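The values are calculated or read from the model by the stated rules, or taken from the named source; none is laboratory data. Remember, it's a predicted structure, so these values are computed and weren't measured experimentally. Cβ sites come from the backbone with ideal geometry, for glycine too, and all protein chains shown count toward neighbours. With ligands, DNA and RNA removed, areas are computed over all heavy atoms of the protein, side chains included. Shrake-Rupley method; radii C 1.70, N 1.55, O 1.52, S 1.80 Å.
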Amino acid sequence: LTVTAKNTGQQPAPFGVGWHPFFAIPSGGRAEASLTIPSQTIMEINKQSGLPTGRMVNVANSALDLSKSGGTKLGTTPIDATYTSLLSGVGSGPVAELSDPGYNYRLSVIPLTPDITSMRVIAPADKDWVSIGPNTNLDDPFGPEWDNPENAGMITLAPGATIRWKVRLEISQLGASSTVVD
């Protein structure tokens, strides 16, 4: 998926883009499906308001740590988090992967532009799907929790400037090479 934005106005303009696709776990075996998100940091959410606090939280070695090579089994853990400080793989950018061993497939979500700085993950415990959303900005980027919208990932486009946001999906059998879906 490619999104191209151009500021055709006379003033600098804020820009942010995200994509929130939902991917099925076709076997229905959510507990055995694995998810890899290349980050050990999530955006903290205020439990009363549901809004970001402006702080990031380390989730290493917790149920929300999805950074392990080969993925973390979803089990019965509900996930509703924005992963930040994305880590690059060897020779590539940050790659998220959903694997379904019951259906023998792996789906890779590969950001291809450096402005993608977070991934929003939603995986309810009682559903056989996962949403993996690559984003340029964090939630509520103009909210008071951020000292500056650019610190929340918003990009300022100068008049006449263009930016491209691009993500590639790859689908493969587990243990096989991938097939590119562009």
May I ask you to compute the full-extension gain from THR2 to ASN151, defined as 0.36 nm times their residue separation minus their alpha-carbon distance, rounded to one decimal in nm? 51.3 nm
Rounded if a/c is under 1.5, else prolate if a/b is larger than b/c, else oblate: which is the range 58-163, with a ≥ b ≥ c the root eigenvalues of its Cα gyration tensor? prolate
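Would you work out if the range 131-170 is rounded, prolate or oblate? Take a ≥ b ≥ c from the square roots of the eigenvalues of the alpha-carbon gyration tensor; rounded if a/c is under 1.5, else prolate when a/b is larger than b/c, oblate otherwise. Walk me through the numbers on the way to the answer.
Values: a/c = 4.08, a/b = 1.21, b/c = 3.37.
Verdict is oblate for the range 131-170.
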Name the long-range amide H neighbours of MET154: under 5 Å, sequence gap of 5 or more, or other chain; modelled H, no Pro or chain starts. LEU138
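Send over a whole-number figure in Å² for the accessible area per residue of the chain, probe 1.4 Å.
Numbers: 9320 Å² over 182 residues.
So the chain comes to 51 Å² accessible per residue, rounded to a whole number.
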(i) 32; (ii) 47; (iii) 28, with the label sought being that of the calculated percent of Cα pairs over 26 Å apart: (i)
In nm, to one decimal, how far is the modelled label at TYR103 from the one at ALA24, with both set 7 Å along Cα→Cβ? 0.6 nm
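Can you tell me, using C-alpha contacts under 8 Å and at least 6 residues apart, the relative contact order of the range 86-163 as a whole percent?
Numbers: 89 pairs, mean separation 13.7, N = 78.
Result for the range 86-163 is 18 percent.
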For the range 94-106, 3J(HN,Hα) per residue [Karplus equation, 6.51 cos²θ - 1.76 cosθ + 1.60, θ = phi - 60°, Hz, x = Gly/Pro]: x, 10, 9, 9, 10, 10, 10, x, x, 10, 6, 9, 9
Portion, in percent, of the accessible area of the chain that falls on carbon or sulfur, probe 1.4 Å: 52 percent
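Would you mind working out the magnitude of the charge dipole of the range 26-73 relative to its Cα centre, with +1 at each Lys and Arg C-beta and -1 at each Asp and Glu C-beta, to the nearest 20 Debye?
Details: 5 positive and 3 negative charges, 10 e Å.
With Lys and Arg at +1 and Asp and Glu at -1, about 40 debye.
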Between the range 127-155 and the range 57-111, how far is it from one alpha carbon centroid to the other, in angstrom? 18 Å
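Quick check on packing: order 147-153, 115-121, 126-132 by the mean number of other C-beta atoms within 10 Å, highest mean leading. Walk me through the intermediate numbers first.
On the way: 147-153: 15.0, 115-121: 22.0, 126-132: 17.1.
So the peptides 147-153, 115-121, 126-132, ranked by packing, come out 115-121, 126-132, 147-153.
Let me make sure I get this right: for the range 112-182, a, b and c are the square roots of the gyration tensor eigenvalues over alpha carbons, sorted descending. Under 1.5 in a/c it's rounded, otherwise prolate if a/b > b/c, else oblate. Which is it? Mind dumping the intermediate values first?
On the way: a/c = 3.72, a/b = 1.50, b/c = 2.48.
Note, shape of the range 112-182 comes out oblate.
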ALA63 versus ASN46: modelled label distance in nm, points set 7 Å from Cα along the beta carbon direction: 2.5 nm
